[in-house]
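First up is the structure itself, then whatever we jot down about it.
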Amino acid sequence: MVEPYNKERSFGLSAIGQIALPVRDLRRAVAYYRELLRVPFLFEAPPGLAFFDCAGIRLMLDTTTAQKTASGGSILYYRVEDIAFAYNTLKSRGIEFEDAPHLIHKFPDHELWMCFFRDSEGNNLALMSQIKQRSAS
């Protein structure tokens with residue numbers, strides 16, 4: 001007998017949307033990635049963040065993470081279409097989140113939402129979702 005389609009059961013993470021690298025000196029790090037490596041620069045955003053485009057995967061240089069973690073570990077951001085659905089599905093599987101989905105930044109055409117959790121080894125992971133702005137009618 002074939003089991004009926006179950007959206008929650010079939011949900012899984014796959015697409016990496018962003019990787020965060022902790023840095024101590026943002027100005028120096030931006031110059032390195034922009035001038036020496038020639039990674040396409042996207043934008044800077046307070047507090048202490050700079051973003052680059054690595055063939056569709058965003059690289060975030062982050063001074064705030066460097067201050068929080070002695071190990072200097074990276075953060076993997078999984079891109080999801082519906083962050084509330086992904087959050088609730090993973091919570092139902094026993095994933096403990098550090099926070100609920102929340103707004104990170106408003107762009108002219110979309111909002112960036114995220115929430116954070118740790119894997120079984122204590123590594124930082126996150127869900128990220130770009131939500132299109134609805135035009136005012």
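Name the residues in region 96-137 that are touching a Lys or Arg at 6+ places or on another chain (Cβ under 9 Å) and among the aliphatic types (A, V, I, L, M), would you?
Leu112, Leu125, Leu127, Met128
Among the aliphatic types (A, V, I, L, M), outside any loop (DSSP other than H, G, I, E, B), in contact with a helix residue (DSSP H, G or I) (Cβ under 9 Å, 6 or more places away or on another chain) and not assigned by TED's automatic domain parsing to the domain that holds Trp113 - does that describe any residue in region 72-84?
Yes.
Out of region 1-36, which residues are aliphatic (A, V, I, L, M) and surrounded by fewer than 10 Cβ atoms within 10 Å (Cβ to Cβ)? Break it down stepwise before answering.
Filtering region 1-36 for residues aliphatic (A, V, I, L, M) gives 1-2, 13, 15-16, 19-21, 23, 26, 29-31, 36.
Residues satisfying the conditions are Met1, Val2, Leu36.
List pairs: first residue in region 51-80 and under 15 Å from Leu37 (Cβ atoms), second residue at pLDDT below 85 anywhere in the structure, Cβ distance under 9 angstrom, at least six positions apart or on different chains.
Between residues of region 51-80 that are under 15 Å from Leu37 (Cβ atoms) and residues that are at pLDDT below 85, the close pairs are Phe52/Leu37.
Find the residue count for region 62-90, including only residues that are at pLDDT 90 or above, aliphatic (A, V, I, L, M) and surrounded by 18 or more Cβ atoms within 10 Å (Cβ to Cβ).
Total satisfying the criteria: 4.
Give me a count of the residues in region 96-137 that are loosely packed, with under 15 Cβ neighbours inside 10 Å and in a loop (DSSP other than H, G, I, E, B).
Number of matching residues: 17.
Can you give me the number of residues within region 53-64 that are in a strand (DSSP E or B) and either over 19 Å from Asn124 (Cβ atoms) or not assigned by TED's automatic domain parsing to the domain that holds Arg28 (or both)? Write out each step before concluding.
Applying the first criterion (in a strand (DSSP E or B)) to region 53-64 yields 53-54, 57-62.
Those left that are additionally either over 19 Å from Asn124 (Cβ atoms) or not assigned by TED's automatic domain parsing to the domain that holds Arg28 (or both): 53.
Result for region 53-64: 1.
The values are calculated or read from the model by the stated rules, or taken from the named source; none is laboratory data. Keep in mind the model is a prediction, meaning the values are calculated, not measured. Glycine gets a Cβ as well: all are built from the backbone with ideal geometry, and neighbour counts include every protein chain shown.
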